[in-house]
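Chemist: Quick one: structure below, then a few questions.
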Amino acid sequence: VCSSDLKDEYQYVVPVVKEKFEAALAEAEKVSANNAATQEAVNTAYDKLLDMVHHLEFTGNTSSLKVLVDAAKGLEEQFYTAESWKPFTEALKEAEAVLADENATQAQVQAAHDNLRNAEFGLRLIPNKDALEDLINKVENMDLSKYSDDVQKEIRSALDNAKAVMADENETQDDVDGAVKLLQASVDK
C-alpha cells in the first residue's frame, strides 16, 4: 500500500479517532525521543498507539450520501402519494442526521445511504386521473340505447371499474391508464 493511499484513506477517519490516534502517536514519539524512557513507558506508548491503529478502520466517507441527500431535497411532496412520502422523509431526516455527525462511521453512512435510496425507489407518483375523469363524464352522458344489451353491460362494467379506479387513492398510473383503455374500448364497439 502506497503512502498516498494511506493519506487518502486517513482523511475519512472519524475525527474522534483521529484525535486519539494523533495524541497516542505524539506520546509515542515523545517516549521514543526520550533516551531515559523506561521499557515500561515504551511498552505503554506502543500499546496505546497499536490500539489506536486498530481504530483507524472507523471511517466515514459521506460524499455519496451527501450527493443523494442533495438530490432527495429537490423532490417535491405534491407529486407523490402520502404513504410513500412519509418513509422517504423519515429516511431523509436520518441521512441528514448522519451527515451532521462528524463521527459517523462508514457502516452508519452506508446504512443511511441505503435506507434513503430504498425510500426514494419506494416513492409512488400520484397518478394523473384527468383523462379518466373526462371519459367517465362523457360515457355517463352518452345515450347507451344505441348499443346492444351485451355491449351496454360491457360499458356499464367498464364504467363501474373506471369509477372504482377513480375513487381509489392507491391506484397507479398504469391502473388509471388501463381503466381508460378498457372504458374507451367498450364504447368503441
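Chemist: Under 8 Å for C-alpha pairs, at least 6 residues apart: give me the relative contact order for segment 66-179, rounded to a whole percent.
Modeler: Working: 82 pairs, mean separation 31.3, N = 114.
After rounding, I find 27 percent.
Chemist: While we're here: What part of the accessible area of segment 1-133, given as a whole %, is carbon or sulfur when the probe is 1.4 angstrom? The partial results should precede the final answer.
Modeler: Working: 4660 of 8710 Å².
About 54 percent, which is the carbon plus sulfur part of the accessible surface.
Chemist: Spin-label point model (7 Å from Cα, Cβ direction): what's the A107 to N141 distance in nm?
Modeler: 6.5 nm
Chemist: Would you work out the charge dipole size for segment 68-189 about its Cα centre, treating the Cβ of every Lys and Arg as +1 and the Cβ of every Asp and Glu as -1, and quote it to the nearest 20 debye? The partial results should precede the final answer.
Modeler: On the way: 13 positive and 27 negative charges, 68 e Å.
In total the dipole reaches around 320 debye.
Chemist: To the nearest 0.05, how large is the calculated FRET efficiency for T38 and A97 if R₀ is 35 Å and r is the Cβ-Cβ distance? Present the calculation step by step, with values, prior to reporting the outcome.
Modeler: Numbers: r = 46 Å, r/R0 = 1.33.
Working from the Cβ atoms, E equals 0.15.
Chemist: Let me check the size of segment 36-189 from its C-alpha atoms; what are the radius of gyration and Dmax in Å?
Modeler: Both quantities, over Cα of segment 36-189: 29.4, 111 Å.
Chemist: Subtracting the Cα-Cα distance from 0.36 nm times the residue separation, let me have the gained length for A164 to Q78 in nm, one decimal. Before the final figure, lay out each step's value.
Modeler: Values: separation 86, 0.36 × 86 = 30.96 nm, distance 2.28 nm.
Gain on stretching A164 to Q78: 28.7 nm.
Chemist: Provide the per-residue ³J(HN,Hα) series for segment 118-135, in order, calculated from phi with Karplus coefficients 6.51, -1.76, 1.60 and θ = phi - 60°, each as a whole number of Hz, with x at glycine and proline positions.
Modeler: Residue by residue, segment 118-135 yields 5, 5, 5, 5, x, 5, 10, 5, 6, x, 8, 9, 4, 5, 5, 4, 4, 5 Hz.
Chemist: Considering the dipole of the chain built from charges on the beta carbon (Lys and Arg +1, Asp and Glu -1) around the Cα centre, which of L116, L182, V53 is farthest to its positive end?
Modeler: Farthest towards the positive pole: V53.
Chemist: Can you give the translational diffusion coefficient of segment 51-104 in µm²/s, computed by Stokes-Einstein from the Kirkwood radius over Cα pairs at 37 °C and 0.692 mPa s?
Modeler: On the way: Rh = 13.0 Å.
In µm²/s, the coefficient is 253.
Chemist: Over segment 62-189, average the accessible area per residue using a 1.4 Å probe and give it in Å², no decimals. Don't skip to the end; give the middle numbers.
Modeler: Details: 7830 Å² over 128 residues.
Ligands and nucleic acids excluded, the figure is 61 Å² per residue.
Chemist: Additional query: Mind pulling the angle between the C-alpha long axis of helix 82-100 and the longest principal axis of the chain? Nearest 10 degrees, somewhere in 0 to 90.
Modeler: 10 degrees
Chemist: Write down the radius of gyration of segment 106-189 and its Dmax, each obtained from C-alpha positions, in Å.
Modeler: Spelled out, the Cα radius of gyration and Dmax of segment 106-189 are 19.5, 70 Å.
Chemist: Apply the a/c threshold of 1.5 to the C-alpha gyration tensor of segment 1-114 and tell me whether it is rounded, prolate or oblate. Walk me through the numbers on the way to the answer.
Modeler: Working: a/c = 4.81, a/b = 3.46, b/c = 1.39.
Here segment 1-114 falls in the prolate category.
Chemist: A further question on this structure: What distance in nm lies between label points placed 7 Å from Cα along the C-beta direction at D150 and R117?
Modeler: Going from the D150 label point to the R117 one covers 5.4 nm.
The values are calculated or read from the model by the stated rules, or taken from the named source; none is laboratory data. Predicted model, so just to flag it, every value in this text is computed and none were measured. Here Cβ is always computed from backbone atoms with ideal geometry, including for glycine, and neighbour counts include all displayed protein chains. We work out accessible area using only protein heavy atoms, side chains counted, and drop any ligands, DNA or RNA first. Shrake-Rupley method; radii C 1.70, N 1.55, O 1.52, S 1.80 Å.
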